[in-house]
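Reading through the structure tokens given below for one structure.
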Amino acid sequence: MSKPINKILFYGFVIAFVLSSLFPFYWIFITSLKTSAEASQITSGFWPSKLSFSAYNTVFTQDNFLQPLLNSAFVSLATTVLSLITSVLAAYSLARLGIKGKGLILGFILVAGFFPIIAMVGPLFLVFRTLGLLDSFTSLIFTYLIYTLPISTWLLTNFFSQIPKDLEEAAMVDGASRLQALWKIVIPIAVPGIFTAAILSFILAWNDFTFALSFISSPSHFTAPLAIVNLGQSQFQVFYNRIDAAVVVTTLPIALLVLLAQKKIISGLTAGAVK
Amino acid sequence: MATVELEHISKIYPNGTAGVTDLSFSMQEGEFLVLVGPSGCGKTTALRMVAGLEEITSGSLRINNKEVNNVAPKDRDIAMVFQSYALYPHMKVRDNLAFPLKLQKMPKEEIEKKVARAASILGLEEILDRKPSQLSGGQRQRVAMGRAIVREPAVFLMDEPLSNLDAKLRVQMRSEISKIQRQLGVATLYVTHDQVEAMTMGDRVAVLKNSFLQQIDSPQRLYDHPNNLFVAAFIGSPSMNLFEGEIEFNSTGANLNFGNQTIYLDNKVTSLHPSLRSFNQRRIVFGIRPEDLYDASLANQNPNFQSIKAKVSLIEALGSEKLIHFTINANAGITDDIKQIAEEKGAMDSLLGSQGNSQAEGVARFPPRSAVKRDELIEILVDTTNMHFFDIDTGFSIWE
């Protein structure tokens with residue numbers, strides 16, 4: 001690192017890497033600010049000749065994109081809340097109650113979390129068809145839980161294991177029941193971990209396309225990613241500016257959330273790595 | 001009225017090891033009882049069973065005359081101070097103190113009053129709005145105490161509350177805890193591995209070893225009349241000197257032979273230990289406290305004083321006294337118990353060194369003006385009236 005040439009190479013590489021990863025986002029962003037006419041031109045430039053918010057306007061008025069956003073929000077929130085309630089209790093039990101075969105259970109949970117998505121689609125489709133749950137939010141929430149629960153449970157088990165037992169015992173001697181000790185002592189201390197689990201679950205549900213495409217058929221139940229695909233296509237033209245406007249609207253809340261919570265997420269993911 | 005009663009309490013872990021075996025004692029109202037013993041002796045397990053944090057395998061535990069074996073900790077009317085303090089890191093000191101009261105759904109004004117009172121007793125007023133991470137070790141210890149006293153429980157339980165403090169602070173908090181306990185008059189069960197803490201703080205002290213209760217008595221009684229070798233060696237610092245010898249009775253008294261020396265015990269002395277006679281012609285362990293050894297060149301002649309010869313190996317001058325370490329031609333009265341204690345006290349090396357060559361080590365407490373020198377062969381007077389005798393096989397004291 002001492003030689004200037006090394007430094008130039010290093011920073012050159014970093015800049016090239018950052019630019020190449022950010023460029024698609026930049027392109028989506030500026031395309032969403034172009035008019036339909038400009039967006040469909042082959043020679044479309046790196047900066048819109050005229051800033052236009054018409055794509056956003058059309059997406060919300062004509063395409064009614066608010067509905068899929070709300071659908072996504074509902075499904076993701078429900079997934080997150082259910083996932084948190086269940087995984088907090090599961091993780092606490094695994095961390096504290098001295099359950100036999102705990103390692104085996106945790107290993108099994110981990111494997112479940114890595115199961116390939118596409119392998120789940122077929123069987124789950126049959127299950128939901130039999131249960132009459134196709135084209136419902138329930139089918140999505142249930143499916144997402146299959147993936148969010150293992151991650152959350154793993155993360156939180158590690159987190160809870162690190163909270164000194166003394167604290168809960170002190171709380172119990174001080175007059176708390178076990179659930180009160182969990183609620184008033186353990187959970188507040190584990191907030192960074194719980195927050196991380198929540199964000200991960202939310203993003204997983206919010207970004208899903210495969211399951212939504214497979215299970216949802218009526219447009220009024222479309223989630224945002226599914227709606228984007230069906231958006232801005234006429235028989236003769238693809239309205240890239242409208243698609244990209246929808247993408248921006250879908251991505252922005254998550255990006256902001258993650259940026260704001262960056263510190264907490266990092267401390268949640270690395271907790272206990274170094275004492 | 002007994003506040004806490006343990007009746008034949010045992011704890012056996014699922015893997016079969018015994019944590020506590022057949023422990024019985026009762027604590028009177030306002031009594032300060034200390035559980036002391038080397039690590040792994042079961043003292044903390046006993047405390048945790050009283051707290052309800054550990055299940056009781058068998059026996060009966062009563063608090064305020066109510067059996068509480070199957071009562072949850074929160075309903076036992078106890079408060080506990082943990083070794084780690086266990087302060088709630090996300091709460092201010094004020095909220096830490098108020099936590100047990102809030103759980104009782106006490107009215108707000110009353111909580112404030114009680115928190116303020118506890119804070120003033122412990123001098124916490126200045127730091128009420130700080131978080132535990134902003135406190136020093138001593139302050140944390142005080143907050144932990146505060147959280148216990150704010151409840152006004154029937155019993156305080158303290159699990160080595162001073163072991164994380166530095167030496168100076170420990171001595172200071174020792175007397176402070178005693179003072180507060182007396183002021184509040186709440187029965188206190190206190191666990192420590194430090195026999196000095198046990199002796200200075202306890203109204204009574206219970207000595208445990210390998211899950212068994214060895215003796216429970218006032219500190220002075222423990223010191224003067226230890227039940228067995230373990231208690232004799234464990235209580236007191238420096239420890240009691242223990243040597244092997246053979247006792248031989250004759251018409252005027254008895255001769256205690258060890259190495260190439262003899263201590264003569266006259267009838268007055270042997271009558272203090274009547275059952276010693278049944279050990280005639282047998283090997284026993286005898287013990288002498290360091291303060292019952294006198295510098296022959298300074299002490300007045302006394303018919304109970306018997307002289308022995310020893311070689312000085314080390315002198316520790318403490319100002320108010322001199323600790324004279326000496327070697328003597330005898331077998332050290334080493335049993336497994338003593339080895340364990342020596343390990344705990346970090347004195348194993350000197351003990352082991354003395355085992356093989358039938359050279360035993362001992363310590364005497366001499367006045368500061370004593371002129372003995374290192375490597376000198378000196379004459380030491382033994383106060384035979386204060387000697388202790390133990391059965392070499394069972395370790396029990398030989399008294400009646």
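The values are calculated or read from the model by the stated rules, or taken from the named source; none is laboratory data. The shown structure was predicted, so the numbers you read here are calculated from the model rather than taken from an experiment. Cβ sites come from the backbone with ideal geometry, for glycine too, and all protein chains shown count toward neighbours. Please note that ligands, DNA and RNA were not included when accessible areas were found on the heavy atoms of the full protein model with its side chains. Shrake-Rupley method; radii C 1.70, N 1.55, O 1.52, S 1.80 Å.
Once the Cβ-Cβ distance of A:Phe23 and A:Leu133 is raised to the sixth power relative to R0 = 56 Å, the FRET efficiency obtained is 0.85. For the pair A:Leu126 and A:Thr35, the difference between a 0.36 nm per residue extended length and the Cα-Cα distance amounts to 28.4 nm.
Rounded to the nearest 20, the Cβ-based charge dipole of the protein assembly as shown about its Cα centre (Lys and Arg +1, Asp and Glu -1) stands at 2400 debye. The residue among A:Met172, A:Leu133, A:Asn158 whose Cα reaches farthest toward the positive pole of the charge dipole of region A:129-183, with charges on the beta-carbon of Lys, Arg, Asp and Glu, is A:Leu133.
Residues in chain A average 55 Å² of solvent-accessible surface per residue, probe 1.4 Å, ligands and nucleic acids excluded.
Heavy atoms of chains B and A lose about 1600 Å² of accessible surface on contact, summed over both sides with a 1.4 Å probe. The fraction of accessible area contributed by carbon and sulfur in the protein assembly as shown is 59 percent, rounded to a whole number (1.4 Å probe; ligands and nucleic acids excluded). Inter-part distance, region B:52-103 to region B:136-184, computed on C-alpha centroids, equals 16 Å. In degrees between 0 and 90, to the nearest 10, how far off the longest principal axis of chain B does helix B:108-122 point, with axes built from Cα atoms? So the helix axis and the longest Cα principal axis differ by about 30 degrees. Computed over region B:4-229, relative contact order equals 30 percent, with contacts defined as Cα pairs under 8 Å that lie 6+ residues apart. Over chain A, dividing the summed -39,500 (n - 2.57) contributions of all DSSP H runs of at least 4 residues by the number of residues returns a 222 nm mean residue ellipticity of -23000 deg cm²/dmol. The fraction of all Cα pairs in region A:100-243 landing in successive 10 Å bins from 0 to the largest distance is 10, 27, 27, 20, 11, 4, 1, 0, given as whole percents. Kindly list the residues of region B:165-205 that lie in the label zone of B:Gln220, defined by a backbone N under 19 Å from the point 7 Å along the Cα-to-C-beta vector. Residues B:196-205 qualify, since their backbone N sits under 19 Å from the label point.
Checking the cross-link pairs A:Lys3/A:Lys263; A:Lys184/B:Lys66; B:Lys66/B:Lys179; B:Lys66/B:Lys168; A:Lys165/A:Lys264 against a 31 Å limit on the alpha carbon distance flags A:Lys3/A:Lys263; B:Lys66/B:Lys168 as lying beyond it. To the nearest Å, what is the center-to-center distance of region A:175-217 and region B:248-292, using C-alpha atoms only? Answer, in whole Å: 76.
For the protein assembly as shown, the Kirkwood estimate of hydrodynamic radius, built from reciprocal distances between every pair of different alpha carbons, is 31.6 Å. Based on protein heavy atoms only, chain B ends up with 43 Å² per residue of surface accessible to a 1.4 Å probe. Computed from the C-beta positions of A:Trp183 and B:Leu298 and an R0 of 56 Å, the FRET efficiency is 0.20 to the nearest 0.05.
Label-to-label distance for B:Ile12 and A:Leu213 is 6.4 nm, based on points extended 7 Å past Cα in the beta-carbon direction.
How many percent of Cα pairs in region A:111-165 exceed 18 Å? I get 45 percent for the Cα pairs in region A:111-165 exceeding 18 Å. Quick one: angle between helix B:93-103 and the longest Cα principal axis of chain B, in degrees between 0 and 90, rounded to 10, please. The helix B:93-103 is inclined about 70 degrees to chain B. Remark: region A:140-150, residue by residue, has Karplus-estimated 3J(HN,Hα) of 5, 4, 4, 5, 4, 4, 4, 9, 6, 4, x Hz, where x stands for each Gly or Pro and the curve is 6.51 cos²θ - 1.76 cosθ + 1.60 at θ = phi - 60°. For region B:100-249, DSSP calls about 50 percent of its internal beta bridges antiparallel. If you take the beta carbon distance between B:Glu321 and B:Ser120 as r and set R0 to 56 Å, what does 1/(1 + (r/R0)^6) give as a FRET efficiency, to the nearest 0.05? Working from the Cβ atoms, E equals 0.90.
Sequence-distant contacts, meaning Cα pairs under 8 Å at least 6 residues apart, place the relative contact order of chain B at 16 percent. Dipole check for chain B: with +1 at the C-beta of Lys and Arg, -1 at the C-beta of Asp and Glu, and the Cα centre as origin, the magnitude is about 1340 Debye.
When the helices of chain B are scored as -39500 (n - 2.57) per DSSP H run of n ≥ 4 and the total is divided over every residue, the value at 222 nm lands at -8000 deg cm²/dmol. Given +1 at the Cβ of Lys and Arg, -1 at the Cβ of Asp and Glu and no other charges, the dipole of region B:4-229 around its Cα centre is 660 debye to the nearest 20.
Applying 0.36 nm per residue to the separation of A:Leu104 and A:Leu256 and subtracting their alpha-carbon distance, the gain on full extension is 51.0 nm.
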